[in-house]
1. Any idea which residue in the stretch 72-100 is surrounded by the most Cβ atoms within 10 Å (Cβ to Cβ), counting only those that are of a type in the set (A, V, I, L, M) and at pLDDT 90 or above?
2. Going through the stretch 26-71 one residue at a time, which ones are of a type in the set (A, V, I, L, M), farther than 24 Å from A210 by Cβ and surrounded by fewer than 19 Cβ atoms within 10 Å (Cβ to Cβ)?
3. Looking only at the stretch 209-228, count every residue that is closer than 15 Å to Q241 by Cα and buried (at least 18 other Cβ atoms within 10 Å of the Cβ) and tell me the total.
4. I'm trying to understand the selection: among the residues of the stretch 169-193, which are more than 17 Å from T215 (Cβ to Cβ) and touching a residue at least 40 places away in the same chain (Cβ under 8 Å)?
5. Looking at this structure, is A188 outside any loop (DSSP other than H, G, I, E, B) and outside the structural domain of L217 (by TED's automatic domain parsing)?
Amino acid sequence: MPEAAQKIVATVANFMTDVVEASNTKPVLVDFWAPWCGPCRTLMPLLDRIADEYEGRFILAKVNTEEQPPLAAHFQIRSIPTVLLIHQGEVVEQFVGLQPEPAIKALLDRYVSTAGEVVETVVAAPASDRPEYLAARLLDQRDAEGAAAAIEALANSRADHPQLGALRARLAFVQTANARPDVMTLRAALETNPSDAAARHALAAHHALAGDYGTALAEWLELMRRDRKFGDDAGRRALLQAFEVLGEQDPLVTQYRRRMASLLH
């Protein structure tokens with residue numbers, strides 16, 4: 001049997017040796033998380049499962065931002081979960097929030113060969129220059145226009161890119177949320193009129209962008225139940241977009257696919 005996957009708890013004390021120096025031998029995927037973060041609790045088992053599947057071909061390092069604030073500050077972590085890929089001492093990839101399993105594996109496969117050797121990446125562009133990285137960063141900033149341009153560039157360069165579907169879904173959420181940016185007003189509108197489909201849809205998008213997909217999916221399912229005509233069945237379409245972001249392995253996807261099917265039939 002191949003060697004078991006390597007997983008470590010990264011701290012200020014061991015980061016230089018067990019992460020930075022170790023990345024000269026194997027890529028290190030660093031997961032910045034916190035105990036109170038719901039999306040972190042969804043992402044962590046996914047990363048654990050991928051690490052088990054790759055059987056030691058990369059190191060999975062977990063950083064509890066509550067216990068290691070200097071590390072979070074050093075890497076300018078503003079949202080969690082944030083995941084960095086460190087290769088040969090440099091941050092070469094990064095994503096924020098939940099990503100589908102195929103996208104995470106595609107990211108890893110650029111730096112880990114099937115045989116387990118570290119892939120040479122001398123000619124690879126820096127992560128910050130790649131359209132998918134730029135699009136994700138602009139989405140985090142809720143820059144819909146800039147993100148749309150980056151996603152279009154990514155589609156033009158690689159139409160089958162595994163992150164395209166999730167990026168487009170997140171862009172739709174950003175556009176919906178940006179159109180109704182005041183969350184408190186949206187909540188008040190729903191309390192006054194629970195049939196306000198536009199307010200429910202926008203509030204769900206805000207929840208999704210905050211990483212609270214459990215609440216977002218519940219709101220979109222309720223929208224679907226109440227008003228299938230709103231926005232050309234916007235509730236159902238948003239549910240499918242959220243499934244794209246979360247990935248089929250996410251328990252929320254299984255749960256809400258079942259609920260959506262029950263509602264349809």
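1. I86
2. Residue satisfying the conditions is I50 alone.
3. So the answer is 10.
4. Scanning the stretch 169-193 gives a single hit, A172.
5. For A188, the condition - outside any loop (DSSP other than H, G, I, E, B) and outside the structural domain of L217 (by TED's automatic domain parsing) - is not met.
Yes or no, residue by residue, for (1) modelled with pLDDT under 95; (2) part of a helix (DSSP H, G or I); (3) farther than 14 Å from T176 by Cα; (4) among the polar types (S, T, N, Q):
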site: A198; (1), (2), (3), (4): no, yes, no, no
site: A204; (1), (2), (3), (4): no, yes, no, no
site: H207; (1), (2), (3), (4): yes, yes, no, no
site: G214; (1), (2), (3), (4): yes, yes, yes, no
site: E248; (1), (2), (3), (4): yes, no, yes, no
site: L252; (1), (2), (3), (4): yes, yes, yes, no
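The values are calculated or read from the model by the stated rules, or taken from the named source; none is laboratory data. Keep in mind the model is a prediction, meaning the values are calculated, not measured. Glycine gets a Cβ as well: all are built from the backbone with ideal geometry, and neighbour counts include every protein chain shown.
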